[in-house]
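Written below as structure tokens is the structure these notes are about.
Read-outs throughout are calculated quantities, based only on the coordinates presented, and are distinct from any laboratory measurement. What you see is a predicted model; the values in this text were computed from it and never measured. Note that we place each Cβ from the backbone using ideal geometry, even for glycine, and neighbour counts take in every protein chain shown.
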Amino acid sequence: MPRIPLPATREDLADDAQRAVWDSVVAGPRGRVIGPLRAAIHAPDLARAWSALGESLRFGTSLGKRLSELAIIVTGRRWSAQVEWFVHAQAAADAGLEPEVIAAIRDGAPPDFTHPDDALIYDYARLLLRDGTVPAALHAQVTERFGVPGVVELTALIGYYSMVAMTLNAHDVPLPDGATPPLTAPPEGLFAQPPPD
């Protein structure tokens, strides 16, 4: 049960500012208001900025869909964010990430990557989420491979989806009707992620 009201339709909104944000989101690449935006819309200025940042990071980075979705599911798993995982594990599969890799990340097993870029993104995301920083050598590797814009976008993507996960978890945003929670959360703290094989 959500902890705050989560509007499901435009008619559920309280005022014109909320309706303007709703209309903008529906007209954009998302096409609908789902997940954390249903919570953020209670603060329309926040929701407007949130939506713009999210569209840029999800649909407009130089990393491409496969690598972006990989970073997102590593983030969602770290926070055990059910809705984030539910949406983005499917998006990662649609973008070509192997089912075995997705399952390993979900289960906390060391992923066996066949693409070196995948291993690089995974390690960067897991260490940033674990330690709040990354080793200088790894940062240099990611920068060399993806350029300064790429490492900046990757870092922002992980931070943004951490905010998404916190919002989903704190307000207990539910999964779609009938969906079974895909993740098992630890009793306390964050989910541990091992280095890749």
Distance (nanometres) between label positions extended 7 Å along Cα→Cβ at A136 and T114: 3.7
Inter-probe distance in nm under a simple model that places probes 7 Å from Cα toward Cβ, at A185 and A49: 2.7
Can you work out ³J(HN,Hα) from phi for every residue in segment 187-197, in order, using Karplus 6.51 cos²θ - 1.76 cosθ + 1.60 and θ = phi - 60°, giving whole Hz and x for Gly and Pro? x, 9, x, 9, 6, 7, 10, x, x, x, 5
Per the 1/(1 + (r/R0)^6) rule, R0 = 45 Å and r from the Cβ atoms of D12 and S56, FRET efficiency to 0.05 is 0.95
Fully extended contour minus Cα-Cα distance, from D107 to L175, at 0.36 nm per residue: 22.6 nm
Per 0.36 nm of contour for each residue apart, how much would the distance between K65 and R19 grow if the chain were fully extended, relative to their Cα-Cα spacing? 13.6 nm
If you scale each eigenvalue of the Cα gyration tensor by 5 and take the root, what three semi-axes come out for segment 65-170, rounded to whole angstrom and sorted largest first? 20, 16, 12
Degrees between helix 136-170 axis and first principal axis of the chain (Cα, 0 to 90, nearest 10): 40
At 7 Å along Cα-to-Cβ for each site, give me the label-to-label distance between H42 and A93 in nm. 3.3
Length gained if A27 through D197 is fully extended, taking 0.36 nm per residue and subtracting the Cα-Cα distance, is 57.0 nm
Gaussian network model of the chain, Cα within-10 Å springs - most flexible of P181, P135, P110: P135
